[in-house]
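The values are calculated or read from the model by the stated rules, or taken from the named source; none is laboratory data. Predicted model only: the values in this text are computed from it and were never measured. Methodologically, a virtual Cβ is constructed for each residue, glycine included, from the backbone with ideal geometry; neighbour enumeration extends over all protein chains shown.
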Amino acid sequence: MINTDLSIRPRLSIGILTKNEERLIGECIRSALFADEIIILDSGSTDSTLIIAQSLGAKIFVNHDWQGFAVQRNRLLSHATGDYIFFLDADEIITPELRNEIQAIITNGETAVWKVMWTVVAYGHTLRHFSSDTSMERLFPRKLIDRYEGVVHEEAILTEPSITRHVLQGRLLHHSRQSIRASLEKLTQYSMLGAAKRYAKGKRGGIVRGLLSANSSFFKTYIIQKGILDGGAGFLYCYFIALECFFRYVALEYDRELLTEKITRGS
């Protein structure tokens, strides 16, 4: 349904989860300033993340007891007052094209769920040839979200599961890999969370499974999705993704009794 009474413009909340994001949080928030409110839910930053966010007018909330991405998103939802909510990660930038699309949807009061795709920025280089096939549900009418579930790559549970989905044409700039050190930290976090998720489903791991998964991932991202055309940055980006796949299954076998969903984000 489209809103025909343009005198009553729906409100937009943009929500961002943070922890020690001072490097990009300013640019991230500035790209979102068209929203009626920007909500930051922080899990214990020790750098200047919150100072920067507050200086740009964001609403700040802090929960130190990290219990996973889904719990944090549910907490963030409880603070949102807009008719629509757009979830933005702290390492993402809304492009002008995407901003214009979002604004048009809000103005018209449309009812659907909208997915967004990435343009990847890795190690200071935009991967112009890499074809990201990742689409994430990010824009929702607030009333449609019942809750979030999931350890990593969490999912919105909707009150109307069969609602229409659209893919926005504008993209997010995703600064996925800002440094080798950050990539190594993310490797640990996502490998262990991915292993915990598979453990909960009763899946098995092992070196062979890890090698098969890693090789398949690297071939897909580096060859099929053309990471090979983006030089050293493209190679590193694809290689780290493959390493996550490998260690996910190795941890599932060798750290099976130590796996937990409560690995904190960031440092």
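What about ILE163, is it under 29 Å from TRP114 (Cα atoms), touching a Ser or Thr at 6+ places or on another chain (Cβ under 6 Å), in contact (Cβ under 8 Å) with a residue 24 or more places away in the chain and of a type in the set (A, V, I, L, M)? Full working, then the answer.
Values: under 29 Å from TRP114 (Cα atoms): yes; touching a Ser or Thr at 6+ places or on another chain (Cβ under 6 Å): no; in contact (Cβ under 8 Å) with a residue 24 or more places away in the chain: yes; of a type in the set (A, V, I, L, M): yes.
Answer is no for this residue.
Given the criteria surrounded by fewer than 20 Cβ atoms within 10 Å (Cβ to Cβ), in contact with a strand residue (DSSP E or B) (Cβ under 9 Å, 6 or more places away or on another chain) and part of a strand (DSSP E or B), does PHE34 qualify? First the steps, then the outcome.
Values: surrounded by fewer than 20 Cβ atoms within 10 Å (Cβ to Cβ): yes; in contact with a strand residue (DSSP E or B) (Cβ under 9 Å, 6 or more places away or on another chain): yes; part of a strand (DSSP E or B): no.
No.
Which residues, counting only those in the stretch 58-84, are closer than 19 Å to HIS174 by Cβ and either in contact with a Phe, Trp or Tyr (Cβ under 6 Å, 6 or more places away or on another chain) or not assigned by TED's automatic domain parsing to the domain that holds LEU158 (or both)?
Answer for the stretch 58-84, where residues must be closer than 19 Å to HIS174 by Cβ and either in contact with a Phe, Trp or Tyr (Cβ under 6 Å, 6 or more places away or on another chain) or not assigned by TED's automatic domain parsing to the domain that holds LEU158 (or both): just ARG73.
Can you name the residue in the stretch 122-141 that is outside any strand (DSSP E or B) and among the small types (Gly, Ala, Ser) and is also nearest to VAL167 (Cα to Cα) among such residues? Reasoning before the result, please.
Just the residues of the stretch 122-141 that are outside any strand (DSSP E or B), to begin with: 123-124, 127-134.
Within this subset, residues satisfying the condition of being among the small types (Gly, Ala, Ser) are 124, 131-132.
Values: GLY124: 27, SER131: 15, SER132: 13 Å.
Selected residue: SER132.
Determine, yes or no, whether VAL113 is of a type in the set (Val, Ile, Thr) and touching a residue at least 60 places away in the same chain (Cβ under 8 Å). Step through it out loud before you land on a result.
Numbers: of a type in the set (Val, Ile, Thr): yes; touching a residue at least 60 places away in the same chain (Cβ under 8 Å): no.
Spelling it out, it is not the case that VAL113 is of a type in the set (Val, Ile, Thr) and touching a residue at least 60 places away in the same chain (Cβ under 8 Å).
Go through (1) over 26 Å from PHE240 (Cα atoms); (2) assigned to a strand (DSSP E or B) one by one and return the number of the condition THR46 breaks.
(2)
Here are the criteria: (1) modelled with pLDDT under 95; (2) loosely packed, with under 15 Cβ neighbours inside 10 Å; (3) touching a strand residue (DSSP E or B) at 6+ places or on another chain (Cβ under 7 Å). Tell me which single one GLU154 does not satisfy.
Looking at each condition in turn, GLU154 falls short on (2).
Pick out, from the stretch 49-121, the strands (runs of 3 or more DSSP E) lying fully within it that include 3 or more residues that are within 15 Å of ASP36 (Cα to Cα). Give the steps one after another, and end with the answer.
Working: elements: 59-62, 84-87, 92-94.
Those strands (runs of 3 or more DSSP E) span 84-87.
Take the stretch 87-107 and flag every residue that is within 22 Å of PRO161 (Cα to Cα) and either more than 12 Å from the chain's Cα centre (by Cα) or without any contact (Cβ under 8 Å) to a residue 60 or more places away in the chain (or both).
Hits for the stretch 87-107 are ILE102, ILE105, ILE106.
For HIS125, state whether it is in contact (Cβ under 8 Å) with a residue 12 or more places away in the chain and touching a helix residue (DSSP H, G or I) at 6+ places or on another chain (Cβ under 6 Å). Give the steps one after another, and end with the answer.
Working: in contact (Cβ under 8 Å) with a residue 12 or more places away in the chain: yes; touching a helix residue (DSSP H, G or I) at 6+ places or on another chain (Cβ under 6 Å): yes.
Yes, satisfied.
May I ask you to list the residues in the stretch 122-143 that are surrounded by fewer than 21 Cβ atoms within 10 Å (Cβ to Cβ) and of a type in the set (A, V, I, L, M)?
Across the stretch 122-143, the qualifying residue is only MET136.
In the stretch 166-187, what residues are surrounded by fewer than 17 Cβ atoms within 10 Å (Cβ to Cβ), of a type outside the set (D, E, K, R) and without any contact (Cβ under 8 Å) to a residue 24 or more places away in the chain?
The one that is surrounded by fewer than 17 Cβ atoms within 10 Å (Cβ to Cβ), of a type outside the set (D, E, K, R) and without any contact (Cβ under 8 Å) to a residue 24 or more places away in the chain: LEU184.
Kindly indicate whether any position in the stretch 37-47 is in contact with a Lys or Arg (Cβ under 9 Å, 6 or more places away or on another chain), touching a residue at least 40 places away in the same chain (Cβ under 8 Å) and not small (Gly, Ala, Ser).
Yes; the residues of the stretch 37-47 include at least one that is in contact with a Lys or Arg (Cβ under 9 Å, 6 or more places away or on another chain), touching a residue at least 40 places away in the same chain (Cβ under 8 Å) and not small (Gly, Ala, Ser).
Being under 16 Å from the mean Cα position of the chain (by Cα) and of a type in the set (A, V, I, L, M), is that true of even one residue in the stretch 45-68?
The first filter runs over the stretch 45-68 and keeps only residues under 16 Å from the mean Cα position of the chain (by Cα), leaving 68.
Now narrow it down to the ones that are of a type in the set (A, V, I, L, M): none.
Within the stretch 45-68, not a single residue is under 16 Å from the mean Cα position of the chain (by Cα) and of a type in the set (A, V, I, L, M).
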